[in-house]
C-alpha cells in the first residue's frame with residue numbers, strides 16, 4: 001500500500017512539472033510573436049495639416065547674350081555675384097578658331113589672319129532675394145539679348161511631404177528600437193529586426209537630405225549664362241624662309257678639280273706599279289725567255305727546210 005502511494009505521488013509531481021514547463025514555453029512564444037507583430041505593425045498615420053504651407057519658390061534663370069568683350073564681362077559678372085553674397089560654380093571661358101589664312105606680303109614675310117570667337121558658359125548661385133538685382137546689373141553688360149528665361153517652382157508641398165515621411169520613419173524606428181531592447185531574445189529575430197531598423201533609418205535620412213537640398217535651392221537661385229562676342233580677327237606677321245640652293249662650281253673649277261683628280265690617279269698607278277715591280281720584272285724575264293726559245297725553234301725549222309731542198 002505504501003509503495004503504491006509513493007508511486008502515485010511521483011506520477012503527480014511529474015505531471016505538474018510538465019504542465020508548468022509547457023505554460024512557460026507558450027508564454028515565451030507568445031511574447032516573441034507579439035514582438036514580431038510590433039516590428040511589422042505600420043506606424044499610425046500622421047494627421048495632415050489643415051492650413052496650406054507658405055509658398056517656397058525655387059527660382060532659376062537661363063540667359064544667352066552678346067557682350068563687347070567676354071573676358072572683361074566675365075570679371076565684371078564675378079564681382080557682381082560676389083557683392084550679392086553668391087558664388088560662381090562654373091566658368092568655362094574658351095576661344096574657337098573659325099578659319100585661318102596666310103597672305104604673302106613680301107619675298108621673305110607673310111601675314112597670317114585668324115578669325116576666332118570667344119565664349120563663356122557660367123553657372124551662378126546667388127541668394128534668392130538678390131536674384132532680381134543681380135539680373136538687372138548683368139543687363140547693363142548686354143549688347144544683344146538672345147533669350148532670357150526665369151522659372152519659379154513652388155516646392156512647399158514637397159517640403160511638407162518629405163517632413164511627414166521623415167517623421168513617420170523616425171517614429172517607426174524608435175518603436176522598433178524599443179521592441180528590440182524589450183523583447184528581442186533570439187539572435188535570428190534580433191538580426192532581422194536590426195536590418196529593418198537600419199532600412200527605416202536610411203529612409204528617414206534620405207527624406208531629411210531631400211529637404212536640405214530643396215532648402216539650399218530655395219535660398220540660392222541658379223543662373224546659367226551663355227556669353228559670347230563678335231568674331232575677332234588677329235593678324236600676325238610671319239617670316240618666309242627661302243630655301244638655300246646647293247653650291248655648283250664653274251667650268252674652270254671643275255676642269256682644275258678633274259686635272260688634280262687625274263694627277264692623283266696617276267700617282268696612285270705609279271705607286272701601285274712600284275709595289276709590284278718584282279712581278280713586272282718576272283713577267284719581262286719570262287717574256288724574253290719565251291722570245292729566245294721561240295727564235296731558236298724558228299732557226300732550226302729553217303735549217304731543216306733548207307736541207308730538205
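Some notes on this structure:
- Ranked by how many other beta carbons lie within 10 Å on average, peptides 124-131, 287-294 from highest: 124-131, 287-294
- Peptides 250-260, 71-81, 133-143 ranked from most to least packed, by the mean per-residue count of other Cβ atoms within 10 Å: 71-81, 133-143, 250-260.
- Cβ-Cβ FRET estimate between residue 128 and residue 97, R0 fixed at 51 Å, reported to 0.05: 0.80
- Ordering of 62-69, 231-238 by packing [mean C-beta count within 10 Å, highest first]: 62-69, 231-238
- Share of alpha-carbon pairs per 10 Å distance bin for region 55-105, given as whole %: 15, 38, 24, 13, 7, 2, 1
We did not get these values from a lab; they are worked out from the coordinates using the rules stated. All values derive from a computational prediction rather than experimental measurement. Here Cβ is always computed from backbone atoms with ideal geometry, including for glycine, and neighbour counts include all displayed protein chains.
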